[in-house]
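Below is one structure, written out as structure tokens, with a few remarks after it.
Read-outs throughout are calculated quantities, based only on the coordinates presented, and are distinct from any laboratory measurement. Treat the numbers as computed from the prediction; the structure is a model and nothing was measured. Positions of Cβ are generated from backbone atoms using ideal geometry, with glycine treated the same way; all protein chains shown enter the neighbour counts.
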Amino acid sequence: MASSIPLILPQDVEPLVSQVAGHAKDKDKRSPGMLKHKDGYVLKPMLKPVQAKTEIQFYEGLAGAPHAALQPFIPKYYGISHVKIESYDGKVIILEDVTGTFCKPCVMDIKIGKQTWDPFATASKRESEERKYVECKKQLGFSIPGFQVYDSISNHLKKFDKNYGKSLNGDTVKNAFSIFLNLHKPKCALMAVDVYIAEIQKIFDIMSQQNNVHLYSSSVLLSYDCEQLGKNIDPSLWSRVHMIDFAHAYTGETHEQGPDNNYLEGLKSLLQLLKSFKE
Ligand SMILES: Nc1ncnc2c1ncn2[C@@H]1O[C@H](COP(=O)(O)OP(=O)(O)O)[C@@H](O)[C@H]1O
Ligand SMILES: [Mg+2]
């Protein structure tokens, strides 16, 4: 728990090697990237005060919130700590590593929503967001800022970054999922798609029954363990769906009430795409 690690020592952390998107390690911008604690936690650096406040409030208010039913899909939150590592000297939030038990984690970050800027964004932030992932967002209501996959035959790890994601459109996005799922390989992860569809449907149902939280620039993290492919094991044991990144999550207290149609439309379109792999 958070209270057991009030100050995190630099020798106890390393980069989170399974990080596929988000703020990367960048000394000039004083970002250490996502970190992994020796006790298994993921540490997310709180780089900007406003986003830090928003994300911490989201996690700390979750249990009592109208959208508390989302909890099974959200990484467990263990509180706040402080890390001093290279050019970073600041707050981190302590989270469960949702792919930490996988031997060969395949992970895809899917940013949900046509609108990725929040209602308090400056005009320049809004413009820069609107220039990113234009085709995918317009045609599908989501984008893919990154993923990693182990080739199920060679076992080589391949990483696809935001530049690959930005090159995708409504048609080519299927290729990204084919690569991610090791489709067209003797050992593929098509069975994970059943789990993804069922879990995303549950998230959709909860989100459509609540009028409180609005998620901007938040992601669905799809994952599976490549190590388990071809073994005839129940896919719910080796594939998972999580919701991550609440740096722009607004609730009824600070933002208008009503359904989060931007998020719901993105999820609906993602469900449709996943279902097309089962036809
Ligand atoms: N709880 C977690 N467990 C495992 N990996 C995570 C977790 N949270 C984030 N990640 C990894 O870190 C990346 C960036 O996280 P995110 O919260 O989206 O940061 P940012 O605000 O910089 O976009 C994700 O794409 C994923 O690869
Ligand atoms: Mg993110």
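For region 246-268, the residues whose backbone nitrogen is under 15 Å from a point 7 Å from the Cα of Lys53, taken along Cα to Cβ, are 247-251, 253-255. In this simple spin-label model, placing a label point 7 Å from the Cα along the Cα-to-Cβ direction at both Asn232 and Ala63 gives a separation of 4.4 nm.
With neighbour counts taken as other beta-carbon atoms within 10 Å, the residues Asp151, Asp118 rank, fewest first, as Asp151, Asp118.
Counting neighbouring beta carbons within 10 Å and listing from fewest to most, the residues Met34, Met191 come out as Met191, Met34.
In this structure, the pairs whose alpha-carbon distance is over 18 Å, taken from Lys132/Lys162; Lys104/Lys268; Lys44/Lys104; Lys36/Lys91; Lys53/Lys91, are Lys104/Lys268; Lys44/Lys104. The trypsin sites (Lys or Arg not before Pro) of region 204-271 that DSSP puts in a loop, and whose beta carbon has at most 16 other beta carbons within 10 Å, are Lys231. Hey, with R₀ at 41 Å, roughly what FRET efficiency would Ser128 and Asp205 work out to, going by the Cβ-Cβ distance, to 0.05? Once the sixth-power term is evaluated, E becomes 0.80. Once the mean of 1/r is taken over each pair of separate Cα atoms and inverted, region 7-96 shows a Kirkwood hydrodynamic radius of 13.7 Å. Sorted largest first, the spans of the alpha carbon positions of the chain along the three principal axes are 47, 44, 36 Å.
Considering only Ala247, Ala69, Ala121, the mean-square fluctuation computed in a Gaussian network model of the chain, springs between alpha carbons under 10 angstrom, is largest for Ala121.
May I ask you to derive the relative contact order of region 40-162, considering only C-alpha pairs under 8 Å and at least 6 residues apart, and to give it as an integer percent?
RCO, region 40-162: 22 percent.
Dipole check for region 42-150: with +1 at the C-beta of Lys and Arg, -1 at the C-beta of Asp and Glu, and the Cα centre as origin, the magnitude is about 220 Debye. Taking all Cα pairs closer than 8 Å and separated by 6 or more residues, the relative contact order of the chain comes to 21 percent.
I need the fraction of alpha carbon pairs in region 150-222 separated by more than 19 Å, rounded to a whole percent. Percentage above 19 Å: 52. Put in line by how crowded their Cβ is, counting other Cβ atoms within 10 Å and starting with the fewest, Thr122, Thr54 read Thr122, Thr54.
Here the simple spin-label model places points 7 Å from the Cα toward Cβ, and for Asn261 and Ala198 these points are separated by 3.2 nm.
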